[in-house]
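The values are calculated or read from the model by the stated rules, or taken from the named source; none is laboratory data. In this text, all values refer to a predicted model and were calculated from it rather than measured experimentally. Neighbour counts are summed over all protein chains in view; Cβ atoms, including those assigned to glycine, are modelled from backbone coordinates with ideal geometry. In case anyone asks, the SASA skips ligands and DNA or RNA and just uses the protein heavy atoms, side chains included. Shrake-Rupley method; radii C 1.70, N 1.55, O 1.52, S 1.80 Å.
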Amino acid sequence: MTRIPFNRHQRAGKPNLRKRRYTDQLANDQNRKIQICLPGQPTVPPPSVNLPQKFITMKSPLSLSAAPFRFPTVSRRHRAAHRVVTYPAANPATTASAEHPTDRLLSALIVIATCLLLCCTAQGESTTDETERPNILLCIADDWSYGHAGAYGCDWVQTPGFDQVAEQGVVFTHAYTPNAKCAPSRAAILTGRNSWQLEEACNHICDFPPKFKTYVEALKVAGYQVGTTGKGWGPGIAKDVNGKNRQMTGVPFTKRTAKPPAKHISANDYATNFDDFIRSVDTSQPWCFWYGATEPHRAYEYGVGQRIAGKKLSDIDRVPGYWPDNETVRNDMLDYAVEVEHFDKHTQRILDQLKSLGELDNTLVIVTSDHGMPFPRVKGQAYESSNHVPLAIMWPQRMQHTGRRIDDYVSLIDLAPTILDATGLQIQESIMQPVTGKSLVALLESDLEGQVDPNRDHVLIGKERHDIGRPNDWGYPIRGIIQDDMLFIQNYEIDRWPAGNPETGYLNTDGSPTKSVILEGRRDGTDTVHWDQCFGKRQSEELYDLSADQDCLVNLAKNSDYARIMRALRNQMNAELKLQDDPRMFGKGETFEQMEYVNSGTKNFYERYMNGEKMNAGWVNKDDFETAPIE
């Protein structure tokens, strides 16, 4: 498989925007006939009946449009005696002369009876065996950035599990989460809807509205066995209309533990817990499993990358321009790499388990992350590195052309409809609300790479309230659009601090050695540039050319040469957000501000802290708090 450079814009040339017309393979067989024969019948094709297209659902070796039909009244032992034979449309005159009249009558009666039975079946239960529906495995890391995998050409993060999925499936180069924070991103993945379409679930640490069902809950109703280990949706509260805790990502499997390789890495033995699940399932039914690692979420054991993993500071090919390039930051990045590799090792173990059990071929495997790495200006913001995530998908039984690189813009809201499409569950027939995302199955089954679907040329991003620390627990609302390597951002409340108020510790940026270095640079006056890039206030509009400025350091919003592009992006973004009923597009942005923050321990953090109460914000360091407000 061709390895993709970490800096995707260093590839020679632009993505291939060639347009290919989609063709339905079944159209080639519309003039074919289906005939059911019994043992001993002549092989010369008798007159046959065209079955309605909706009855032709599976491929046979002889025709894409023919499907072996299983007679309910025939035992399994004798079922092999029945077969389907498909012929091109025959000349009736020739056929009649080559067939005995009794055989013609028998064949016609059998076909009529079969059609009637198929009609009845279509209105009742499906004839598809449970084992024919694919299993679903979603592996999701917590705070893993795009580019940090071997399949993307990164050498300082080793990811053989992800690379296997990319090699035996497809790898995406333009996959984005619509909201770069844990709870809202996972809500979007599970529901197939953008966060501004999810009411309270748009926010971090919220009450998840009961009316929004997840794809896992829908599959459970449809007969799937569902399980999960590690981190599912959260943080927040998710209860049904009766006040009962919801199993948003499946039945928990968490009993197995193992000694972690470093401090702060979870003791959850994810792969062994998956093994417990897979051995508990009824083999006659398909299953769905959510593997949610808590890595590489903070905190890290400082220096573990060098001390235990044997990595070198020089292994890192590039430090983003919005951080200082020094020993502390590079160590922090290597420690992050160790945690990514821990997630990947369990992914590899799970894949190996499935292969040994013979379950891998019929399993749709998705490996991704909820958003970018837990570093300043990344997690919790809306820049390129904030929302851009790794994504690889494999489905051995259905994907014939593997090892492809897909440059289409896709969103994590596309995953739920992809899963439902693969399982044959229609959205309108499920318990879910309508989805905004679009299935990726056509891309998976295509033989093309690069830009496959020319209509997938952009994604929408945004945020409301993440972590608190501002007056009234307010958020920092943003909407944005990324199209053809241009990023447009609209900041709606520019008087607020993007990462949270300085005097309350910049709470929307996790504590870290990198954060501490940047804060100290402003305090001692040696480096104010990186502080301003990571924590300073912003303009109302931002525009970046990602092909030349992937770190989003040069704002082109006031550059007249880009006025037309920015106007077009703004208009398109606003038009689509209106179609999606985003309250902020109709002057109702306060709706998100008024939604309750449900952690009583840190609720009203700003007011309580400023009034002298000792507050415990466990995700930041004590020295993150400024001694006085910054003007």
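Ordering 497-505, 134-142, 513-521 by mean Cβ neighbour count within 10 Å, with the highest value first, yields 134-142, 497-505, 513-521. Multiplying the residue separation of Lys537 and Asp524 by 0.36 nm and removing their Cα-Cα distance gives an extension gain of 2.7 nm. Taking every C-alpha pair closer than 8 Å and separated by at least 6 residues, the mean separation divided by the residue count of the range 135-611 gives a relative contact order of 22 percent.
Could you calculate the FRET efficiency of Lys603 with Asn455 from 1/(1 + (r/R0)^6), where r is the beta carbon distance between them and R0 is 60 Å, rounded to 0.05? Each step should come with its number before you reach the end.
Values: r = 43 Å, r/R0 = 0.72.
The formula returns an efficiency of 0.90 here.
Once the C-beta distance of Ile308 and Thr254 is scaled by a Förster radius of 30 Å, the resulting FRET efficiency is 0.75 to the nearest 0.05. Residues within the reach of a label modelled at Asp317 (point 7 angstrom out along Cα to beta-carbon, backbone nitrogen below 12 Å), restricted to the range 157-176, are 157. With Cα atoms defining each centre, the range 458-530 and the range 273-323 are spaced 26 Å apart in the structure. Using a Förster distance of 25 Å, how high is the FRET efficiency between Leu553 and Asp484, based on the Cβ-Cβ distance and rounded to 0.05? The pair Leu553/Asp484 has a calculated efficiency of 0.80. In this view, the solvent-accessible surface of Asp155, computed with a 1.4 Å probe and all protein chains in place, comes to about 110 Å². Using only side-chain charges placed at the Cβ, +1 for Lys and Arg and -1 for Asp and Glu, the dipole size of the range 135-611 relative to its Cα centre rounds to 1040 debye. In whole angstrom, the range 147-228 maps to an equivalent ellipsoid with semi-axes of 29, 18, 10, each derived as √(5λ) from the alpha carbon gyration tensor and ordered largest first.
Output the direction-averaged projected area (hull surface divided by four) of the convex hull of the alpha-carbon atoms of the range 135-611, in nm². Intermediate results must be reported in sequence, preceding the final value.
Numbers: hull surface 88.9 nm².
Mean projected area of the Cα convex hull: 22.2 nm².
Taking Cβ atoms as reference points and 12 Å as the exclusive limit, the residues near Ala271 contribute a net charge of -2, counting Lys and Arg as +1 and Asp and Glu as -1.
Per residue, how many Å² of accessible area does the range 135-611 show with a 1.4 Å probe?
Values: 16280 Å² over 477 residues.
Heavy-atom SASA per residue in the range 135-611 reads 34 Å².
Counting Lys and Arg as +1 and Asp and Glu as -1, each charge on the Cβ, what is the dipole of the range 133-250 about the Cα centre in debye, to the nearest 20? All intermediate terms of the calculation are to be shown ahead of the outcome.
Working: 11 positive and 10 negative charges, 118 e Å.
The calculated dipole for the range 133-250 is roughly 560 debye.
Residues of the range 490-506 with amide nitrogen under 19 Å from the 7 Å Cα-to-Cβ point of Lys614? Flagged as within label range: 504-505.
Per-residue accessible area (protein heavy atoms, 1.4 Å probe) orders Trp531, Trp474 as Trp474, Trp531, starting from the largest.
Leaving ligands, DNA and RNA out of it, rank Glu631, Glu542, Glu576 by accessible area with a 1.4 Å probe, largest first. Mind dumping the intermediate values first?
Details: Glu631 200, Glu542 10, Glu576 45 Å².
Ranked from most to least accessible, the order is Glu631, Glu576, Glu542.
At 0.36 nm per residue, and after removing the present C-alpha to C-alpha distance, how many nm does the segment from Val221 to Asp623 gain when stretched out fully?
Values: separation 402, 0.36 × 402 = 144.72 nm, distance 4.92 nm.
This chain segment gains 139.8 nm when fully extended.
Accessible area of Lys312 (1.4 Å probe, protein heavy atoms only, ligands and nucleic acids ignored): about 130 Å².
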